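Here the structure comes first, spelled out in structure tokens, and everything after it is commentary.
The values are calculated or read from the model by the stated rules, or taken from the named source; none is laboratory data. The structure displayed is predicted, hence computed values, not measured ones. Because the Cβ atoms are built from the backbone with ideal geometry, glycine has one as well, and the counts that use them run over all protein chains shown. Heads up: the accessible areas ignore ligands, DNA and RNA and are worked out on the full protein's heavy atoms, side chains in. Shrake-Rupley method; radii C 1.70, N 1.55, O 1.52, S 1.80 Å.
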Amino acid sequence: HIAAFCDFDVDGSTSAALLRKFFRALGLELPIYIPDRAREGYGPNAPAMKILKDQGAEIILMADCGTTAFEVIEYARDIGLEVCIFDHHEQGERLPAANWVINPKRRDDDSDLSMLAAVGVTFMACVAVNLRLRELGYFAQRGLPAAPLKDWLDLVALGTVCDMVPLTGPNRVLVRTGMQALNARKNIGIAALARVAKINPDEPITSTHIGFGLG
């Protein structure tokens with residue numbers, strides 16, 4: 001049983017949306033906990049871990065947080081949770097006691113992907129898991145189509161631009177392709193945000209619209 005804890009900002013919420021879409025493509029429903037900014041503040045907290053544990057979670061995916069949440073991660077492990085972190089924040093003197101810390105800003109990382117936002121890290125993880133599941137015959141055995149990852153790059157573009165990370169390397173490709181998907185306006189949530197932001201439906205959505213409207 002897997003659940004997710006994701007930050008409340010655009011990078012975290014697009015990571016959450018991406019994870020939910022990916023798990024639904026696997027035929028699974030992923031419970032997601034997003035903390036209240038005013039009441040809980042930034043990052044994971046022990047009460048949230050306990051709530052997810054009580055709801056039946058065994059593995060917690062953390063997106064856009066967790067790299068420096070040492071005490072909370074230790075608490076989560078103590079109550080029997082396994083923790084997988086998808087993050088892009090700088091590490092401290094040590095890494096948390098999570099089972100997996102997937103972060104291109106780890107000091108021992110040699111991926112050359114330090115420009116990625118958390119949603120980019122989450123997307124790359126979904127790509128890797130998707131590939132492995134295809135190799136294992138997961139989709140064929142269940143009569144499911146492979147996850148349409150490219151269709152979800154609109155979320156990656158939204159989170160990447162709003163988190164103001166460098167548009168270099170893979171980020172440029174992810175955002176360029178994601179902008180094309182975003183302008184197709186197939187995501188009803190993004191289409192609704194565009195209406196609220198008063199973006200003309202006949203006008204192409206640009207990075208300015210993302211940063212100062214959709215975000």
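Applying the criteria of a DSSP loop state and at most 10 other Cβ atoms within 10 Å to the GluC sites (Glu not before Pro) of region 87-184 yields 93. At an R0 of 22 angstrom, the distance between the Cβ atoms of residue 212 and residue 38 translates into a FRET efficiency of 0.40. About the centre of its Cα atoms, region 79-179 shows a dipole size close to 300 debye [charges on the beta carbon of Lys, Arg (+1) and Asp, Glu (-1) only; nearest 20 debye]. For the chain, report the translational diffusion coefficient in µm²/s to the nearest whole number, using Stokes-Einstein at 25 °C, 0.890 mPa s, and a Kirkwood Rh over Cα pairs. Stokes-Einstein gives a translational diffusion coefficient of 138 µm²/s. If only the Cβ of Lys and Arg carry +1 and only the Cβ of Asp and Glu carry -1, the dipole of the chain around its Cα centre is close to 780 debye.
Basic side chains Lys and Arg get +1 at the Cβ, acidic Asp and Glu get -1 at the Cβ, and with that the dipole of region 88-145 about its Cα centre reaches some 300 debye. Amide H contacts under 5 Å for residue 32: 4, restricted to partners 5 or more places along the chain or on a different chain, H placed in the peptide plane at 1.01 Å from N. Distance between the C-alpha centres of region 188-215 and region 81-145: 29 Å, rounded to the whole angstrom. Partner lysines whose Cα lies under 30 Å from the Cα of residue 198, excluding those fewer than 8 positions away in the same chain, are identified as 21, 150, 186.
Going by accessible surface with a 1.4 Å probe and the largest first, 67, 177 read 177, 67.
Contact order for the chain, expressed relative to its length and based on alpha carbon pairs under 8 Å spaced 6+ residues apart, stands at 19 percent.
Which of the helices in the chain, when you take each full DSSP H run, stretch at least 24 Å along the axis at their Cα atoms and have an average Kyte-Doolittle score of -0.5 or higher? Helices meeting the span and hydropathy rule in the chain are 118-136.
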